């Protein structure tokens, strides 16, 4: 054995120790390095379901087919719920994300979609993935929870579809049985991350019972009575509270008598475009609308930009109201005759709250559920439309416009703050009510 061999053997122990030490340091670095990629799917825990049985920010085929879905507590990840797809009649049942608040970026960027599934009976063939991630992948699901993964580069898509990345789980036609879906995750990169529930948000400061000066918080206000309208060169304008900011009436301008005085009537083709932008706010804002729709059909009431792509819109849904801000979100209920109602929508950086006639209305919840992504500002530079020019619905072959608001609107007020429940109640008590609602 020469000197070089003896030196190599004598260094073997220290080298091994150094190797183990280096490996240990690398492991520690992996454990303490950058946080795992963020789950891009809102409300992936399915805990938020303000419409019973329907998770917020998620959709089903043809809306929600009766008897084909149920929200259950049986879940692989503790602290979450599962969506059960039921196929008794052999028809396809589909479940998909409806997260339109962010753009997936340019084609070629790699994404990984993962989801925990189990089935009854075992052997059910499901399809998971996205048309923009190489198409839907067939998976054979067992009767025990297991994570299924799809990784692919983002495919190009023209038109509005290029702004979205929708992931889907399908129980195909002919696959009779039950399929449970739990903890879906969409991340950027080649590998799924360990699933984790979003960190709880810090508790908000409790309401101290005081009512602030609401007139001082009010940054824009329109009384759509006849006295605030003026016609210049054949165009009709509505003045705001200051008289300086005017809204242009598009379509036929007419007025009706209401229990609150004169109010502007909208025929589905009329709307008011506010030419001066409402000031931006980072801490929150509130919008108050006093109105009476003619019917309970879907129709826009107040909006900025288009429904998708980060805009906001308040929509009448079966005579109740849902804020689509900044994603599509539906509430279903029985049709009833509409009545005049004072609607207040309170928007904070993390939540939307609804008040009807001074009282909290149940469909209210985080506008950004299941994600740490901050929603885009809605009150800002874009013109605001009172009455809504049109809303958009997806149909076969693309999108089609649906007419604007039909009914009367008396007041639209914007506050540069997130109002408290006590302050909203105070607004309702101060309404200029002149008679019973008819």
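Brief remarks follow.
Yes/no matrix, rows are residues, columns are (1) modelled with pLDDT of 90 or more; (2) touching a helix residue (DSSP H, G or I) at 6+ places or on another chain (Cβ under 6 Å); (3) assigned to a strand (DSSP E or B); (4) within 17 Å of residue 186 (Cα to Cα):
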{"position": "23", "(1), (2), (3), (4)": "no, no, no, no"}
{"position": "31", "(1), (2), (3), (4)": "no, no, no, no"}
{"position": "35", "(1), (2), (3), (4)": "no, no, no, yes"}
{"position": "76", "(1), (2), (3), (4)": "yes, no, no, no"}
{"position": "100", "(1), (2), (3), (4)": "no, no, no, yes"}
{"position": "104", "(1), (2), (3), (4)": "no, no, no, yes"}
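- Check on residue 404, at pLDDT 75 or above, in a loop (DSSP other than H, G, I, E, B) and crowded, with 17+ Cβ neighbours inside 10 Å: yes
- Residue check for residue 429: closer than 19 Å to residue 221 by Cβ, at pLDDT 60 or above, touching a strand residue (DSSP E or B) at 6+ places or on another chain (Cβ under 7 Å) and surrounded by fewer than 22 Cβ atoms within 10 Å (Cβ to Cβ): no
- Residues in region 106-146 that are under 25 Å from the mean Cα position of the chain (by Cα), outside any strand (DSSP E or B) and surrounded by fewer than 17 Cβ atoms within 10 Å (Cβ to Cβ): 106, 107, 109, 131.
The values are calculated or read from the model by the stated rules, or taken from the named source; none is laboratory data. Worth saying up front: this structure is predicted, and the values here are computed from it rather than measured. Virtual Cβ from ideal backbone geometry, glycine too; neighbours counted across all protein chains shown.
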